[in-house]
Every structure is written in structure tokens, then in C-alpha cells.
Amino acid sequence: MNLTFKGQKAFVSGSTAGIGFAIAQALAEGGARVTVNGRTQDAVDKAMARIRASVPGAQLQGAAVDLGSADGCAAVSEAMGEMDILVNNLGIFEPTPFAEIDDAAWQNMFDTNVMSGVRLARAALPGMLERNHGRIVFVSSESGICPPAEMVHYGMSKSAQLSVARGLAECCAGTGVTVNSVLPGPTLTEGAKAFFDKLAASQGISFDEAAERFFKEARPTSLLRRFIRPDEVAAMVAYACSPQASATTGAALRVDGGVVRTLT
């Protein structure tokens, strides 16, 4: 299947590393004009250079904006104008015992993971509906269905994304605009790698041993029993953004390695 995005403008939030970077690269490979977003210009410039190195002729622009605030979302929405594809990938996570998660941490998790996507979708959706074409994807998580005890606030934010995405899909009924969620399982992003390296060092074990213990104790339902690669998630997101996915909307598409055991 050849996924083509030629002539389309795409915005991927939080796309200087990890899953977001892989998504931006996949869309660029398909010919989309992609806006790469990160908090700093240096990170954005480095990400675009990496994409251009692997995708000669990639059409890219950068947006160094912190989307965790209303002002940041407003600034990037005004600068971007019309969008054909919006991927709400920006997200943070922080393992913290529930009793130690203060109000500020709850609010920051919600503003970053949920409200950034809400604000960007609110800006992009009217134009998509007017043109009767568009794709909006929220990168949620299997944690939205199976909230983790080690970061309850993160699970909350991912569940909220599923609800927002489904609600927006209902708002687009009968149009050429689709809205979906993609649910990755444990993915080996740069942040996850750093976390597990630190965890392994603190326990005096190797990374592989720490990963094996994680899947045995924290994610025992995983059928892959390994970390998912960012490009494996990006492949699903690219499909959801493609013309071939015209009949896929209001869905929660899993790339979770079988962690979630329910049938629906």
C-alpha cells in the first residue's frame, strides 16, 4: 500500500523526538509538507536535519513553540493557517506515587497532554469541515484503557484523549473529516530509554534485564514482550491520516503489542 500525502499540510505536535519524530518522517516520506514542533529552535532544527538526511527533498517547516499553554497553541495555529492533517502527539509522562502527585502536576499533565490537542483541533477543524476533508489523530496510549498505578495522572490524560477524539468524530459525522486515536503500548522512545537506563543502573542490572523485568511484572499481558519501535506506531498513524483510511473514524487503533486484553 502506497500512502501518499502530496499537496497536504501536516502538523505534528511534539515531533522532535520519539513517536512524534517518526510520524513526521513518515508523513514527509509520503510527500506531505510537515511542520515539526518542539519547545526549542535547536531541537526543531536538529529534527528537520535528521528528516532531510533520510528523506531527500522533504518539505518541512519548524514551529518552536511550547504547546502546553493556550498562548502557545494560539500562536502556532495562527502561523500555520489551514491544516489538512493534525497529529496531536505532544505528551509528557512521569512515574510518581499517587499520594505525591500535587495539584500542579495534575494540571500540567492535563494541559500538556489533553488541552494542547483540544486547542489545536479547535483551530484546525472549521477549515477541514469547510473543505470537507481532513485528518485528526490523537496519540493516546494503552494506559488510557489500562491506567497504570505508577502514574495515575498520565492514565487520566490518555483516557481523556480517547473521549475527546470520539466526541470530535461525532461532530464530523457525514463529512470527509475523520478523527481517530492511536494507542501505542510501551515504546522505546528516547525518554523511555533514558528512564530504563537509569532504573537499570540503580538496580545494578543491564537494560535488557530491566526491560525483561518490566514486561514480566508491570506489563505481563504484552504479547510482543518487547518494546515497540516508534516507527511501528508511526505506520499506524500514517495509515489513519491517509486517503485509504477514509472509512476509519471514531476509532481507537491499537499498536499496543497485545497489552490490552479486551476484545473491544
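Please work out if Gln107 is within 19 Å of Tyr154 (Cβ to Cβ), out of contact with any Cys (no Cβ under 8 Å at 6 or more places or on another chain) and not hydroxyl-bearing (Ser, Thr, Tyr).
Here the answer is yes, as Gln107 does meet what is asked.
Quick one: Gly155 ticks every box in (1) more than 14 Å from Val179 (Cβ to Cβ); (2) touching a residue at least 40 places away in the same chain (Cβ under 8 Å) bar one, so which box is it?
It is condition (2) that Gly155 fails.
Take Gly117 and tell me if it is surrounded by 15 or more Cβ atoms within 10 Å (Cβ to Cβ), over 30 Å from Arg225 (Cβ atoms) and outside the structural domain of Ala218 (by TED's automatic domain parsing).
yes
Given the residues Ser242, Ser246, Ser202, which is the only one that is of a type in the set (Ser, Thr, Tyr) and over 27 Å from Arg135 (Cβ atoms)?
Ser202
Can you name every residue in region 183-217 that is part of a loop (DSSP other than H, G, I, E, B) and either among the β-branched types (Val, Ile, Thr) or at pLDDT below 90 (or both)?
Thr189, Ile205
Applying the selection to region 218-232, what residues are assigned to a strand (DSSP E or B) and either of a type in the set (Lys, Arg) or at positive phi (or both)?
none
For region 158-185, which positions are within 17 Å of Glu142 (Cα to Cα), in contact (Cβ under 8 Å) with a residue 24 or more places away in the chain and in contact with a helix residue (DSSP H, G or I) (Cβ under 7 Å, 6 or more places away or on another chain)?
Hits for region 158-185 are Lys158, Ala160, Gln161, Leu162, Val164, Asn180, Ser181, Val182, Leu183, Pro184, Gly185.
Going by the conditions given, is Met128 on the phi < 0 side of the Ramachandran plot and within 16 Å of the chain's Cα centre (by Cα)?
For Met128, the condition - on the phi < 0 side of the Ramachandran plot and within 16 Å of the chain's Cα centre (by Cα) - is not met.
Could you give me the residue pairs with C-beta distances under 6 Å whose first residue belongs to region 104-130 and is closer than 12 Å to Ala70 by Cα, whose second residue is among the aromatic types (Phe, Trp, Tyr) and surrounded by 15 or more Cβ atoms within 10 Å (Cβ to Cβ) wherever it lies, and which are 6+ apart or on separate chains?
From residues that are closer than 12 Å to Ala70 by Cα, the pairs are Gly117/Phe138.
I need a count of the residues in region 70-109 that are of a type outside the set (Asp, Glu), farther than 25 Å from Phe195 by Cβ and surrounded by 11 or more Cβ atoms within 10 Å (Cβ to Cβ).
Of the residues in that region, 12 qualify.
What number goes with the only condition from (1) closer than 20 Å to Glu232 by Cβ; (2) buried (at least 24 other Cβ atoms within 10 Å of the Cβ) that Ala47 does not pass?
Going through the list (1) closer than 20 Å to Glu232 by Cβ; (2) buried (at least 24 other Cβ atoms within 10 Å of the Cβ), Ala47 breaks only (2).
For region 233-253, give me each residue that is in contact with a strand residue (DSSP E or B) (Cβ under 6 Å, 6 or more places away or on another chain) and either assigned to a helix (DSSP H, G or I) or among the small types (Gly, Ala, Ser) (or both).
Val233, Met236, Val237, Ala240, Cys241, Ala251, Ala252
Restricting to region 41-72, count the residues that are hydroxyl-bearing (Ser, Thr, Tyr) and either closer than 17 Å to Gly18 by Cβ or not assigned by TED's automatic domain parsing to the domain that holds Asn108 (or both).
1
Run Ala173 past the list (1) outside any helix (DSSP H, G or I); (2) over 15 Å from the mean Cα position of the chain (by Cα); (3) surrounded by 14 or more Cβ atoms within 10 Å (Cβ to Cβ) and report the number of the one that doesn't hold.
(3)
Which one is farthest from Pro243 (Cα to Cα), of the residues in region 124-145 that are assigned to a helix (DSSP H, G or I) and in contact with a helix residue (DSSP H, G or I) (Cβ under 9 Å, 6 or more places away or on another chain)?
Looking at residues that are assigned to a helix (DSSP H, G or I) and in contact with a helix residue (DSSP H, G or I) (Cβ under 9 Å, 6 or more places away or on another chain), I get Ser143.
The values are calculated or read from the model by the stated rules, or taken from the named source; none is laboratory data. Being a predicted model, the structure only gives us computed values, none of them experimental. Every residue, glycine among them, receives a Cβ derived from its backbone with ideal geometry; neighbour counts consider all protein chains shown.
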